[in-house]
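**Student:** Next up is a structure, given as structure tokens.
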Amino acid sequence: MIYAKAFFDLQLRFAERVSLLSGLPLARALLECTNLYIRFGLGHGFDPAHPTWQEYLAGLRAARDIGEWTYGFYSRRPDAMAAPSVVATFGCFAYARPSGERIRLHFENAEPDGQSPLAIERVPRRTAELAALFEHVRRSPDPAPRVRGVSWLYNLEAYRRLFPGSYVATAHPVTDRFQHMPLWGQFVDRHGGIKERIAGQFLERLERQSSRDGLDRCFPLQPLSVEAPAQDFYDF
């Protein structure tokens, strides 16, 4: 997916507000409180000395318009368009294996016709994709991992209904996820553009924020963490 400029502008607004409220330098707020480092294809190390990150900051300091500079920098980065590293993909679902004992579920809209991937008529297709994914896990050298997910999507009944009850019952909010898409993804539509209504709610709350404490509450939806044994999915 190629993300729209408005998505980056939203994060820049947030970083500027964080810098104002906390006294942090803008460069640090951009590193710690936005998804830019990952969007530039730099991985999850969040190394402030990374040469590419330093190149971005140098251009930012000289830029007349930091929004234009940021989006231009993103657009020129071939690694920025790469998908997350996963073991296998089945339609809208994929999984990664960060360790031998755990897998991590990923979701991305792969519907070719523009219809919502979470529409009620798409439930059989989504559950078939999950069945194929977990058959793949079952045939792996370690067929009994724990399954973990972290996303704002677990707030939606249309998403939760795709999973075992024991899995979604473990849902709990996770805070300080400012660097990651499980938080920022709620603002992005299926084409990479911005969802204007929810972005507007976010900006209104951000303007009312008077301290760095409670910045998570500016986001309309909090990312939820869920986890269950793979056997629960096999049974489901």
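The values are calculated or read from the model by the stated rules, or taken from the named source; none is laboratory data. Everything numeric here is computed off the predicted structure, so don't read it as measured data. Positions of Cβ are backbone-derived with ideal geometry, glycine not excepted, and every protein chain shown enters the neighbour counts. Heavy atoms of the whole protein, side chains included, go into the accessibility calculation; ligands, DNA and RNA do not. Shrake-Rupley method; radii C 1.70, N 1.55, O 1.52, S 1.80 Å.
**Student:** Do any strands (runs of 3 or more DSSP E) entirely within region 70-139 hold 1 or more residues that are surrounded by 16 or more Cβ atoms within 10 Å (Cβ to Cβ) and among the aliphatic types (A, V, I, L, M), and if so, which? Write out each step before concluding.
**Tutor:** On the way: elements: 88-90, 93-99, 102-107.
In region 70-139, the matching strands (runs of 3 or more DSSP E) lie at 93-99, 102-107.
**Student:** Check GLU108, GLU157 and return the single one that is of a type outside the set (Val, Ile, Thr), under 27 Å from PHE219 (Cβ atoms) and at pLDDT below 95. Walk me through how you get there before you give the answer.
**Tutor:** Details: GLU157 fails: at pLDDT below 95.
Step by step, each of GLU108, GLU157 is checked, and only GLU108 is of a type outside the set (Val, Ile, Thr), under 27 Å from PHE219 (Cβ atoms) and at pLDDT below 95.
**Student:** Quick one: how many residues across region 42-55 are open to solvent by less than 30 Å² (accessible area, probe 1.4 Å) and either within 15 Å of ILE66 (Cα to Cα) or in contact with an Asp or Glu (Cβ under 7 Å, 6 or more places away or on another chain) (or both)?
**Tutor:** Qualifying residue count for the region: 1.
**Student:** How many of the residues in region 1-41 are in a helix (DSSP H, G or I), open to solvent by 10 Å² or more (accessible area, probe 1.4 Å) and of a type in the set (Gly, Ala, Ser)?
**Tutor:** Count: 4.
**Student:** Of all residues in region 220-236, count the ones that are open to solvent by less than 10 Å² (accessible area, probe 1.4 Å) and assigned to a helix (DSSP H, G or I).
**Tutor:** Filtering region 220-236 for residues open to solvent by less than 10 Å² (accessible area, probe 1.4 Å) gives 223, 225-226, 228, 230.
Going one step further and asking which of them are assigned to a helix (DSSP H, G or I), we end up with 230.
Looking only at that region, the number is 1.
**Student:** Just to be sure I understand the filter: pairs with C-beta atoms under 6 Å, separated by 6 or more residues or on different chains, first member in region 8-37 and without any contact (Cβ under 8 Å) to a residue 24 or more places away in the chain and under 19 Å from GLY200 (Cβ atoms), second member open to solvent by less than 50 Å² (accessible area, probe 1.4 Å) and outside any helix (DSSP H, G or I). Which pairs pass?
**Tutor:** Pairs that qualify, where the first residue is without any contact (Cβ under 8 Å) to a residue 24 or more places away in the chain and under 19 Å from GLY200 (Cβ atoms) and the partner is open to solvent by less than 50 Å² (accessible area, probe 1.4 Å) and outside any helix (DSSP H, G or I), are ALA15/THR34.
**Student:** How many residues, within region 201-216, are assigned to a helix (DSSP H, G or I), loosely packed, with under 12 Cβ neighbours inside 10 Å and not acidic (Asp, Glu)?
**Tutor:** Looking only at that region, the number is 1.
**Student:** Here is a further query. Which of (1) touching a residue at least 40 places away in the same chain (Cβ under 8 Å); (2) buried (at least 16 other Cβ atoms within 10 Å of the Cβ); (3) in a helix (DSSP H, G or I) is the odd one out, the single condition PHE163 does not satisfy?
**Tutor:** If we test PHE163 against (1) touching a residue at least 40 places away in the same chain (Cβ under 8 Å); (2) buried (at least 16 other Cβ atoms within 10 Å of the Cβ); (3) in a helix (DSSP H, G or I), just (3) comes out false.
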